[in-house]
Amino acid sequence: MLRESSNAADSEIDLHDITEGYRHDTDIEHAELLMGFAEAVARRDENGTSAHRQKMLELMGEPATVDAAAIAAAFHGFVRLADAIGIPYEGAAGGTDSTEMRDEIGISDFYRARHA
Amino acid sequence: MAGNPFPDSPYDIRSDLLSAHEAALAAIARPGTWLTGEQRVWIAEEVRNARTCPACAELREALSPGNLSLEHTSLGNLSPAQVDIVHRVVTDPGRLSERWCRGHIDDGMPEGEFVEMIGVIAMTVIMDTFAFGLGLPEAVLPGPAAGEPSRYLPPGARREAAWLPIVEPGDETPEDGPLYPTPTAGYIHRALSMVPQSKRDYWNLAGAHYLEGKRVYDFGDSGRAISRPQIEIIAARISALHQCLY
């Protein structure tokens, strides 16, 4: 979804930013801020979440901040659904994620991949 | 239905998001297919309790969580198996295994109950994470509604692709109620299909947070205040942090 949407928007992404954290190679507006917010929420870091939220409010506005929180929340649900029911991941992203790409960016090191 | 779950919010939250939260809270309180309203509210309460469980903290640090047997600190309302499911799914979802899942089934938990539990857990996590992201208090959980679970089992449910049975698109029956908007629905859409009402309740909430169904494969206008690439970079980072392959 990220690659498809980035292609459609003519944005550059470095998939290592997704698995390793932002390293300046992804060209999506406010990517560093949004990823920092996502990380703080996932770690339930109150101070970090508050700091990123304030910055989003200043730079992106209130509706964008609310939607960023909504997206972060949605994916806290999706990951639990996928991982608790054990749905097959080979068909994710329309089956376009190659083994080579998974190896290169570190997805093959995830627990479930190693224990499949 | 309960009122606005965030009455003191300083933010102007989209009305469809507020409605989805209200509907989800009401759904949790209703008798489900395999669980009573009381049990479903207990599960939501246990989701919140799991975040501070010392055993879960220890399991998260363990290299092989499946080899450890620790006693969770629970609120005392659910069975030990139910507590384990809630705590593991909340605190360490990326390291769940088929052996762990099927172990609970082999020990006597009905597959439908397991699936319904996951639906309640995931809905509670979504609502609480949204509140956390905006620095708002978690919504007050409603009191349970009376009634008995229907124990409806879709005739088309079968265990093949996943650890638990799913109803594949095309295998649904009129008695299941509406399940899929399109016959090409991805596995994430099929995950809760063994308990059709749980699937509908979950997606009513999840869709309001992510994207309307018709926009998922439309990479132009997201219909949100952030662009589609911005949406997906949050999504992808959250998934990676949870070690979610999907």
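The values are calculated or read from the model by the stated rules, or taken from the named source; none is laboratory data. Small disclaimer: the values here were computed from a predicted structure and weren't measured. Cβ sites come from the backbone with ideal geometry, for glycine too, and all protein chains shown count toward neighbours. Surface areas here come from the heavy atoms of the whole protein model, side chains and all, with no ligands, DNA or RNA. Shrake-Rupley method; radii C 1.70, N 1.55, O 1.52, S 1.80 Å.
What does the buried accessible surface come to for A and B, summed over both chains, with the probe at 1.4 Å? Round to 100 Å². Intermediate results must be reported in sequence, preceding the final value.
Numbers: alone 8450 and 13160 Å², together 15240 Å².
Buried: approximately 6400 Å² between B and A.
At 1.4 Å probe size, with every protein chain present, just tell me what the per residue accessible area of chain B comes to in Å².
Details: 10000 Å² over 246 residues.
About 41 Å² of surface per residue is accessible.
Pairs of alpha-carbon atoms within less than 8 angstrom and 6+ residues apart define the contacts here; what relative contact order does the stretch B:84-196 have, in percent? Don't skip to the answer; put the middle values down first.
Details: 91 pairs, mean separation 26.8, N = 113.
Across the stretch B:84-196, relative contact order equals 24 percent.
If you take the square roots of the eigenvalues of the alpha-carbon gyration tensor of the stretch A:34-73 and sort them as a ≥ b ≥ c, do you get rounded (a/c under 1.5), prolate (a/b over b/c) or oblate?
Oblate, since a/c reaches 1.5 and b/c is not below a/b.
Excluding ligands and nucleic acids, what accessible area in Å² is computed for B:Lys214 using a 1.4 Å probe, to the nearest 10?
For B:Lys214, solvent-accessible area is about 150 Å².
Relative contact order (percent) for the stretch B:149-213, with alpha-carbon contacts under 8 angstrom and 6 or more residues of separation?
On the way: 65 pairs, mean separation 18.5, N = 65.
Rounded, it is 28 percent for the stretch B:149-213.
Let a ≥ b ≥ c be the square roots of the eigenvalues of the Cα gyration tensor of the stretch B:36-173; is it rounded (a/c under 1.5), or, if not, prolate (a/b larger than b/c) or oblate? Mind showing how you got there, number by number?
Working: a/c = 1.64, a/b = 1.17, b/c = 1.40.
Oblate is the answer for the stretch B:36-173, as a/c is 1.5 or above yet b/c matches or exceeds a/b.
Count charges around B:Ala55 for me, please; just the other residues with Cβ under 14 Å from its Cβ, Lys/Arg as +1, Asp/Glu as -1.
Working: positive: B:Arg51, B:Arg60, B:Arg88; negative: B:Glu46, B:Glu58, B:Glu61, B:Glu71, B:Asp84, B:Asp92.
Result for the neighbourhood of B:Ala55: -3.
Which net charge results when you count Lys and Arg as +1 and Asp and Glu as -1 among the other residues whose beta-carbon is under 13 Å from that of B:Gly177? Write out the running numbers ahead of the final one.
Details: positive: B:Lys199, B:Arg200; negative: B:Glu172, B:Glu175, B:Asp176, B:Asp201.
That works out to -2.
Would you calculate, for chain B, the mean residue ellipticity at 222 nm contributed by helices, counting each DSSP H stretch of 4 or more residues as -39,500 (n - 2.57) and dividing by all residues, to the nearest 500?
Working: 9 runs with 113 residues, N = 246.
Using -39500 (n - 2.57) per qualifying helix, the result is -14500 deg cm²/dmol.
Output wanted: per-residue J couplings in Hz (rounded whole) for the stretch B:191-203, from phi through Karplus 6.51 cos²θ - 1.76 cosθ + 1.60, θ = phi - 60°, x for Gly and Pro.
Residue by residue, the stretch B:191-203 yields 3, 9, 5, 5, 10, x, 5, 5, 4, 5, 4, 4, 6 Hz.
In the full protein assembly as shown, how much of B:Asp221 is accessible to a 1.4 Å probe, in Å² to the nearest 10?
About 100 Å², ignoring ligands and nucleic acids.
Hey, what do the phi angles of the stretch B:170-187 turn into as Karplus ³J(HN,Hα) couplings, whole Hz, using 6.51/-1.76/1.60 and θ = phi - 60°, x for Gly and Pro?
Taking θ as phi minus 60°, the curve returns x, 9, 6, 10, x, 5, 5, x, x, 10, 10, x, 9, x, 9, 4, x, 4 Hz for the stretch B:170-187.
Normalised by the residues of chain B, what does the relative contact order come to in percent, with Cα pairs under 8 Å and at least six apart?
Numbers: 308 pairs, mean separation 58.2, N = 246.
It comes to 24 percent, rounded to a whole number.
Across the stretch A:15-28, in residue order, what do the Karplus-derived ³J(HN,Hα) couplings come to in whole Hz, using 6.51 cos²θ - 1.76 cosθ + 1.60 with θ = phi - 60° and x for Gly and Pro?
Ordered by residue, 3J(HN,Hα) equals 5, 5, 4, 6, 8, 10, x, 4, 10, 6, 8, 8, 9, 10 Hz.
So, taking all protein chains as they sit and a 1.4 Å probe, how much accessible area belongs to A:His30, in Å² rounded to tens?
60
For a test of the definition: using alpha carbon positions, the gyration tensor, and the 1.5 limit on a/c, classify the protein assembly as shown as rounded, prolate or oblate.
rounded
Around B:Gln39, under 11 Å between beta carbons, what's the net of Lys plus Arg minus Asp minus Glu among the other residues?
-4
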